[in-house]
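**Student:** One structure, as structure tokens, below. Some questions next.
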Amino acid sequence: MMAEQTTARALGTLMCDTTRTILWAPAEPWLRQQCTRSSLHCRVGSGQATYHRFDPQRKQHQITYGIRMIVAKHEAHSAAGWLSGREIQQRGYFGGELTTLNLLAHTCCHEFAHLLQHNAGKRFRGSVHNRHFYEILDQLHASGGAEAARDYLQRQAEQAGIELPHQRFESPHLRQLAANWQVGDSVQFGSGRRQHRGDIIRVNRKTCTVEGTGPSRGLRYRVPVSLLSRADPAPAS
């Protein structure tokens, strides 16, 4: 069921609180060493636009969480279309599970990573979601910061009596991808020296089990369907 606008706005307010309390507060002393008197303002916008901006005159970071974004992340068919959904699945954040709770918590981390990226001088015109950004975002998850943000957001919603679904929903996109493969298909995944080839021996909901061939012979891999591609023709001997 689609989240009501009032519920979505209340969740947006909790996302603002989570960002300030869990992500900004521990980093604030260090951030102010880099930019004296810098501050953070979080707000809930009326549309779907969700973004980080910095006002150099006021030295103020602003993070906006769009109310329509929050509504969209309550539905499987629309959630997977967001970058945050693809990041969770492809980078394995929160175990790769798409839930409304995971999506909203990760959105907090995503926008805060932009704040840290800007502070480090690594955000460039035409290069926003670059390797520097993902190094920061990966670290937020690896350090436990993302987990803390998710736990805090869940607790605050429970205390406020706001429904925040945490049941996993399956992306229609993933179901469609899985339908493209069958047992016996020759596939490849990875790149460079870490590229592997093999044959599919089992198709699961979100992954395929691959029996290695060539240099990977004797190994088995469980590979997310989004990372698979048809194997290139073997070079002529």
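**Student:** Looking at I67, I22, I88, which one is in the same structural domain as G144 (by TED's automatic domain parsing), farther than 25 Å from G161 by Cβ and surrounded by 17 or more Cβ atoms within 10 Å (Cβ to Cβ)?
**Tutor:** The conditions single out I88.
**Student:** So, one more: Would you check if T21 is at pLDDT 90 or above, touching an Asp or Glu at 6+ places or on another chain (Cβ under 8 Å) and part of a helix (DSSP H, G or I)?
**Tutor:** No; evaluated as a whole, the condition is false for this residue.
**Student:** Just for helices (runs of 4 or more DSSP H) wholly inside the stretch 129-237: which have at least 3 residues that are touching a helix residue (DSSP H, G or I) at 6+ places or on another chain (Cβ under 9 Å) and at pLDDT below 95?
**Tutor:** Result: 172-179.
**Student:** I'd like to check something: does the stretch 136-155 contain any residue that is among the hydrophobic types (A, V, I, L, M, F, W, C), under 30 Å from P26 (Cα atoms) and in contact with a Ser or Thr (Cβ under 6 Å, 6 or more places away or on another chain)?
**Tutor:** Yes.
**Student:** Follow-up. Six or more apart or on different chains, Cβ under 6 Å: which pairs go from a residue in the stretch 199-210 that's closer than 14 Å to S229 by Cα to one that's of a type in the set (K, R) and surrounded by fewer than 18 Cβ atoms within 10 Å (Cβ to Cβ)? Could you list them?
**Tutor:** Pairs found: T207/R222; T209/R202; T209/R222.
**Student:** Checking the structure you have, find out if any residue of the stretch 127-149 is more than 30 Å from G190 (Cβ to Cβ) and either outside the structural domain of Q33 (by TED's automatic domain parsing) or not hydrophobic (A, V, I, L, M, F, W, C) (or both).
**Tutor:** The answer is no, given that none of the residues of the stretch 127-149 is more than 30 Å from G190 (Cβ to Cβ) and either outside the structural domain of Q33 (by TED's automatic domain parsing) or not hydrophobic (A, V, I, L, M, F, W, C) (or both).
**Student:** Does the stretch 57-88 hold any residues that are touching a Ser or Thr at 6+ places or on another chain (Cβ under 8 Å) and hydroxyl-bearing (S, T, Y), and which are they?
**Tutor:** Selection gives T64, Y65, S84.
**Student:** Does any residue of the stretch 109-117 turn out to be among the aromatic types (F, W, Y), under 19 Å from I67 (Cα atoms) and assigned to a helix (DSSP H, G or I)?
**Tutor:** yes
Table: residues versus (1) under 18 Å from F133 (Cβ atoms); (2) among the basic types (K, R).
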residue	(1), (2)
R37	no, yes
Q57	no, no
K73	no, yes
G81	no, no
G85	yes, no
G92	yes, no
G95	no, no
T100	no, no
H106	yes, no
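**Student:** Go through (1) surrounded by 21 or more Cβ atoms within 10 Å (Cβ to Cβ); (2) touching a Lys or Arg at 6+ places or on another chain (Cβ under 8 Å) for V44 and report which single condition fails.
**Tutor:** Tallying (1) surrounded by 21 or more Cβ atoms within 10 Å (Cβ to Cβ); (2) touching a Lys or Arg at 6+ places or on another chain (Cβ under 8 Å), V44 fails exactly one: (1).
**Student:** Is it the case, given these coordinates, that V183 is farther than 17 Å from G95 by Cα, loosely packed, with under 13 Cβ neighbours inside 10 Å and out of contact with any Asp or Glu (no Cβ under 6 Å at 6 or more places or on another chain)?
**Tutor:** yes
**Student:** OK, next. Quick one: which residue in L98, L103 is within 18 Å of Y152 (Cβ to Cβ) and surrounded by 14 or more Cβ atoms within 10 Å (Cβ to Cβ)?
**Tutor:** Matching residue, one of L98, L103: L103.
**Student:** Are any of the residues in the stretch 42-57 closer than 22 Å to Q156 by Cα and either among the aromatic types (F, W, Y) or assigned to a helix (DSSP H, G or I) (or both)?
**Tutor:** Scanning the stretch 42-57 turns up no residue that is closer than 22 Å to Q156 by Cα and either among the aromatic types (F, W, Y) or assigned to a helix (DSSP H, G or I) (or both).
The values are calculated or read from the model by the stated rules, or taken from the named source; none is laboratory data. From a predicted model like this one, the values you see are computed outputs, not experimental measurements. When we count neighbours, we look across all protein chains shown, and the Cβ atoms used for this are built from the backbone with ideal geometry, even at glycine.
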